Amino acid sequence: MDLINPKAQAYAEKYSKQEDELLNEIEALTLKNHPEAHMLSGTLQGKFLEMISRLIAPTYILEIGTFLGYSALCLEKGLKPGGELHTLEIDDQTAAMARENFKKSKTQNKIILHTGNALELLNTLNKPWDLVFIDADKTGYADYYQALVPKLKPGSLIMADNVLFHGQVLETEVKGKSAKAIQAFNEMVSADQRVEKMMLTLRDGVYLIRKK
Ligand SMILES: C[S@@+](CC[C@H](N)C(=O)[O-])C[C@H]1O[C@@H](n2cnc3c(N)ncnc32)[C@H](O)[C@@H]1O
(Lines give C-alpha, C1' and ligand atoms only; values in the text may rest on other atoms or scores of the structure.)
Protein backbone atom coordinates (compact mmCIF):
# COMPACT_ATOMS: atom_id res chain seq x y z
CA MET A 1 0.00 0.00 0.00
CA ASP A 2 1.35 3.43 -0.99
CA LEU A 3 0.74 5.34 2.23
CA ILE A 4 2.06 8.63 0.93
CA ASN A 5 1.00 10.15 -2.39
CA PRO A 6 4.06 9.43 -4.62
CA LYS A 7 3.88 12.96 -6.08
CA ALA A 8 3.94 14.53 -2.62
CA GLN A 9 6.81 12.20 -1.65
CA ALA A 10 8.86 13.21 -4.71
CA TYR A 11 8.07 16.89 -4.11
CA ALA A 12 9.14 16.72 -0.45
CA GLU A 13 12.33 14.89 -1.44
CA LYS A 14 13.10 17.55 -4.03
CA TYR A 15 12.93 20.24 -1.36
CA SER A 16 14.79 18.20 1.28
CA LYS A 17 17.80 17.26 -0.84
CA GLN A 18 20.45 15.04 0.64
CA GLU A 19 23.79 16.60 -0.20
CA ASP A 20 26.00 14.09 1.60
CA GLU A 21 27.81 12.06 -1.10
CA LEU A 22 28.35 9.03 1.11
CA LEU A 23 24.66 8.80 2.03
CA ASN A 24 23.61 9.18 -1.60
CA GLU A 25 26.10 6.48 -2.61
CA ILE A 26 24.86 4.06 0.08
CA GLU A 27 21.23 4.67 -0.92
CA ALA A 28 21.90 4.25 -4.65
CA LEU A 29 23.97 1.06 -4.21
CA THR A 30 21.45 -0.44 -1.81
CA LEU A 31 18.51 0.28 -4.14
CA LYS A 32 20.45 -1.24 -7.03
CA ASN A 33 21.85 -4.35 -5.36
CA HIS A 34 20.15 -5.24 -2.07
CA PRO A 35 17.05 -7.48 -2.08
CA GLU A 36 15.83 -5.75 1.09
CA ALA A 37 16.55 -2.17 0.06
CA HIS A 38 13.14 -1.10 1.44
CA MET A 39 14.66 -1.39 4.93
CA LEU A 40 16.84 1.68 4.42
CA SER A 41 15.34 4.91 5.77
CA GLY A 42 15.99 6.87 2.55
CA THR A 43 16.38 10.57 1.74
CA LEU A 44 13.33 12.13 3.37
CA GLN A 45 13.33 10.12 6.58
CA GLY A 46 17.12 10.39 6.73
CA LYS A 47 16.90 14.18 6.62
CA PHE A 48 14.22 14.03 9.30
CA LEU A 49 16.45 11.92 11.58
CA GLU A 50 19.33 14.30 10.98
CA MET A 51 17.16 17.35 11.76
CA ILE A 52 15.83 15.87 15.02
CA SER A 53 19.34 14.90 16.05
CA ARG A 54 20.69 18.37 15.27
CA LEU A 55 17.84 19.96 17.30
CA ILE A 56 18.47 17.74 20.31
CA ALA A 57 22.29 17.79 20.01
CA PRO A 58 22.59 14.47 21.86
CA THR A 59 25.64 13.17 23.65
CA TYR A 60 24.44 9.55 23.50
CA ILE A 61 22.41 8.08 20.66
CA LEU A 62 21.19 4.48 20.57
CA GLU A 63 20.03 2.85 17.36
CA ILE A 64 18.42 -0.59 17.34
CA GLY A 65 18.72 -2.01 13.79
CA THR A 66 21.79 -0.80 11.86
CA PHE A 67 21.30 -2.43 8.45
CA LEU A 68 23.92 -0.75 6.21
CA GLY A 69 24.42 2.24 8.49
CA TYR A 70 22.39 4.80 6.55
CA SER A 71 20.25 6.06 9.43
CA ALA A 72 23.21 5.96 11.85
CA LEU A 73 25.15 8.24 9.51
CA CYS A 74 22.17 10.63 9.43
CA LEU A 75 21.71 10.61 13.21
CA GLU A 76 25.40 11.09 14.02
CA LYS A 77 25.37 14.49 12.29
CA GLY A 78 23.67 15.99 15.36
CA LEU A 79 26.00 14.50 17.99
CA LYS A 80 27.65 16.89 20.43
CA PRO A 81 31.46 16.92 20.10
CA GLY A 82 32.74 13.95 22.05
CA GLY A 83 29.36 12.21 21.79
CA GLU A 84 28.77 8.56 20.87
CA LEU A 85 26.32 6.72 18.68
CA HIS A 86 25.82 3.05 19.56
CA THR A 87 24.08 0.95 16.92
CA LEU A 88 22.96 -2.70 17.24
CA GLU A 89 22.83 -5.27 14.43
CA ILE A 90 22.14 -8.99 14.68
CA ASP A 91 23.47 -10.07 11.28
CA ASP A 92 27.27 -10.41 11.00
CA GLN A 93 27.45 -9.88 7.23
CA THR A 94 25.22 -6.81 7.37
CA ALA A 95 27.26 -5.43 10.28
CA ALA A 96 30.48 -5.89 8.28
CA MET A 97 29.03 -3.84 5.40
CA ALA A 98 27.87 -1.12 7.80
CA ARG A 99 31.36 -1.00 9.31
CA GLU A 100 32.83 -0.34 5.87
CA ASN A 101 30.37 2.51 5.38
CA PHE A 102 31.20 4.01 8.77
CA LYS A 103 34.90 3.97 7.85
CA LYS A 104 34.12 6.17 4.84
CA SER A 105 32.42 8.84 6.95
CA LYS A 106 34.33 12.13 6.97
CA THR A 107 33.13 13.15 10.43
CA GLN A 108 35.20 12.31 13.44
CA ASN A 109 32.15 11.19 15.39
CA LYS A 110 32.23 8.02 17.33
CA ILE A 111 29.95 5.30 15.92
CA ILE A 112 30.13 2.06 17.89
CA LEU A 113 28.58 -0.94 16.20
CA HIS A 114 27.60 -3.88 18.41
CA THR A 115 26.82 -7.20 16.76
CA GLY A 116 24.28 -9.47 18.42
CA ASN A 117 20.70 -9.68 19.58
CA ALA A 118 19.50 -6.21 20.53
CA LEU A 119 17.65 -7.27 23.68
CA GLU A 120 20.73 -9.00 25.08
CA LEU A 121 23.00 -6.11 24.06
CA LEU A 122 20.66 -3.58 25.67
CA ASN A 123 21.31 -5.11 29.09
CA THR A 124 25.05 -4.56 28.68
CA LEU A 125 24.79 -0.91 27.56
CA ASN A 126 24.02 1.58 30.26
CA LYS A 127 24.54 5.01 28.74
CA PRO A 128 22.30 8.00 29.53
CA TRP A 129 20.63 7.94 26.09
CA ASP A 130 19.36 11.29 24.80
CA LEU A 131 17.97 9.90 21.56
CA VAL A 132 16.90 6.38 20.60
CA PHE A 133 15.88 5.09 17.17
CA ILE A 134 14.09 1.72 17.19
CA ASP A 135 14.16 0.13 13.73
CA ALA A 136 14.80 -3.62 14.08
CA ASP A 137 12.51 -6.69 14.27
CA LYS A 138 8.96 -5.52 14.85
CA THR A 139 8.18 -8.29 17.35
CA GLY A 140 10.96 -6.91 19.57
CA TYR A 141 9.72 -3.30 19.79
CA ALA A 142 7.69 -3.75 22.98
CA ASP A 143 10.59 -5.44 24.79
CA TYR A 144 13.10 -2.79 23.68
CA TYR A 145 10.69 -0.09 24.81
CA GLN A 146 10.03 -1.65 28.21
CA ALA A 147 13.75 -2.19 28.79
CA LEU A 148 14.59 1.40 27.88
CA VAL A 149 11.84 3.69 29.22
CA PRO A 150 12.54 3.21 32.96
CA LYS A 151 16.23 4.04 32.37
CA LEU A 152 15.69 7.15 30.22
CA LYS A 153 16.13 10.67 31.58
CA PRO A 154 13.18 13.07 31.40
CA GLY A 155 13.24 14.75 27.99
CA SER A 156 14.91 11.83 26.17
CA LEU A 157 13.29 10.96 22.87
CA ILE A 158 12.51 7.58 21.34
CA MET A 159 11.66 7.38 17.64
CA ALA A 160 10.08 4.09 16.56
CA ASP A 161 9.98 3.36 12.82
CA ASN A 162 7.39 1.52 10.71
CA VAL A 163 4.52 2.05 13.14
CA LEU A 164 2.04 2.06 10.24
CA PHE A 165 3.57 -1.21 9.03
CA HIS A 166 2.92 -0.76 5.32
CA GLY A 167 -0.68 0.13 6.11
CA GLN A 168 -1.43 -3.27 7.62
CA VAL A 169 -2.36 -1.78 11.00
CA LEU A 170 -5.10 0.22 9.24
CA GLU A 171 -7.03 -2.93 8.31
CA THR A 172 -10.13 -3.84 10.33
CA GLU A 173 -8.51 -7.13 11.25
CA VAL A 174 -4.74 -6.81 11.73
CA LYS A 175 -3.06 -9.99 10.46
CA GLY A 176 0.50 -11.29 10.52
CA LYS A 177 3.02 -11.53 13.35
CA SER A 178 4.82 -8.24 12.74
CA ALA A 179 1.70 -6.17 12.05
CA LYS A 180 0.08 -7.53 15.23
CA ALA A 181 3.23 -6.76 17.22
CA ILE A 182 3.29 -3.19 15.91
CA GLN A 183 -0.43 -2.75 16.67
CA ALA A 184 0.15 -3.96 20.25
CA PHE A 185 3.20 -1.69 20.56
CA ASN A 186 1.20 1.35 19.40
CA GLU A 187 -1.58 0.56 21.91
CA MET A 188 0.97 0.14 24.69
CA VAL A 189 2.73 3.44 23.96
CA SER A 190 -0.54 5.29 23.57
CA ALA A 191 -1.66 4.16 27.05
CA ASP A 192 1.72 4.83 28.72
CA GLN A 193 1.47 7.83 31.05
CA ARG A 194 5.26 8.05 31.48
CA VAL A 195 5.65 9.53 28.00
CA GLU A 196 4.33 12.18 25.62
CA LYS A 197 3.80 10.92 22.11
CA MET A 198 2.76 11.76 18.57
CA MET A 199 2.68 9.59 15.48
CA LEU A 200 4.11 11.10 12.35
CA THR A 201 2.83 9.90 8.96
CA LEU A 202 6.32 10.08 7.46
CA ARG A 203 7.15 7.18 5.10
CA ASP A 204 5.94 4.09 7.02
CA GLY A 205 5.09 6.02 10.21
CA VAL A 206 7.42 7.22 12.96
CA TYR A 207 6.24 7.32 16.58
CA LEU A 208 7.87 10.18 18.53
CA ILE A 209 7.90 9.31 22.22
CA ARG A 210 9.32 11.68 24.84
CA LYS A 211 9.94 10.65 28.44
CA LYS A 212 8.14 13.03 30.83
C1 LIG B 1 14.85 -1.92 8.93
S2 LIG B 1 16.50 -2.46 9.07
C3 LIG B 1 17.32 -1.05 9.75
C4 LIG B 1 17.44 0.08 8.78
C5 LIG B 1 18.33 1.21 9.22
N6 LIG B 1 17.95 1.71 10.53
C7 LIG B 1 18.26 2.34 8.20
O8 LIG B 1 17.29 3.10 8.24
O9 LIG B 1 19.15 2.43 7.36
C10 LIG B 1 16.45 -3.55 10.44
C11 LIG B 1 17.78 -4.18 10.83
O12 LIG B 1 17.63 -4.76 12.13
C13 LIG B 1 18.35 -5.95 12.19
N14 LIG B 1 17.75 -6.79 13.26
C15 LIG B 1 16.65 -7.57 13.17
N16 LIG B 1 16.41 -8.16 14.34
C17 LIG B 1 17.38 -7.76 15.21
C18 LIG B 1 17.68 -8.03 16.57
N19 LIG B 1 16.93 -8.87 17.30
N20 LIG B 1 18.76 -7.43 17.12
C21 LIG B 1 19.53 -6.57 16.39
N22 LIG B 1 19.30 -6.28 15.10
C23 LIG B 1 18.23 -6.86 14.50
C24 LIG B 1 18.21 -6.55 10.79
O25 LIG B 1 19.23 -7.48 10.52
C26 LIG B 1 18.26 -5.30 9.91
O27 LIG B 1 19.55 -5.05 9.43
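The values are calculated or read from the model by the stated rules, or taken from the named source; none is laboratory data. Computed from a predicted structure; not experimentally measured. Using ideal geometry, Cβ is built from the backbone for each residue, glycine included, and neighbour counts are taken over all protein chains shown. Heavy atoms of the whole protein, side chains included, go into the accessibility calculation; ligands, DNA and RNA do not. Shrake-Rupley method; radii C 1.70, N 1.55, O 1.52, S 1.80 Å.
Overview of values
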| quantity | calculated |
| --- | --- |
| Using θ = phi - 60° and Karplus 6.51 cos²θ - 1.76 cosθ + 1.60, couplings along the range 5-15 (whole Hz; Gly, Pro as x) | 3, x, 5, 5, 4, 5, 5, 4, 5, 4, 9 |
| Cleavage-rule hits, GluC sites (Glu not before Pro), the range 1-78, DSSP coil, Cβ neighbours within 10 Å at most 13 | 19, 36 |
| Tensor-based shape of the range 79-141 (alpha-carbon gyration tensor, a/c under 1.5 rounded, otherwise prolate or oblate) | oblate |
| Backbone HN-Hα couplings from phi across the range 45-59 [Karplus 6.51/-1.76/1.60, Hz, Gly and Pro as x] | 5, x, 5, 5, 4, 4, 4, 4, 5, 5, 5, 7, 6, x, 8 |
| P(r) tail fraction, the chain - alpha-carbon pairs more than 32 Å apart, % | 12 percent |
| Table column - 3J(HN,Hα) (Hz), the range 94-106, Karplus curve with 6.51, -1.76, 1.60, x for Gly and Pro | 5, 4, 5, 5, 4, 4, 4, 5, 5, 5, 7, 5, 7 |
| The range 6-211 - percent of accessible surface contributed by carbon and sulfur, probe 1.4 Å | 54 percent |
| Dipole magnitude of the range 6-211 about its Cα centre (Cβ charges: Lys, Arg +1; Asp, Glu -1), debye to nearest 20 | 560 debye |
| Spin-label pair residue 192/residue 112, simplified geometry with 7 Å Cα→Cβ offset, distance in nm | 2.3 nm |
| Amide H contacts of residue 110 (H built 1.01 Å from N, under 5 Å, at least 5 apart or other chain) | 85 |
| Built amide H within the under 5 Å cut-off of residue 79, gap 5+ | none |
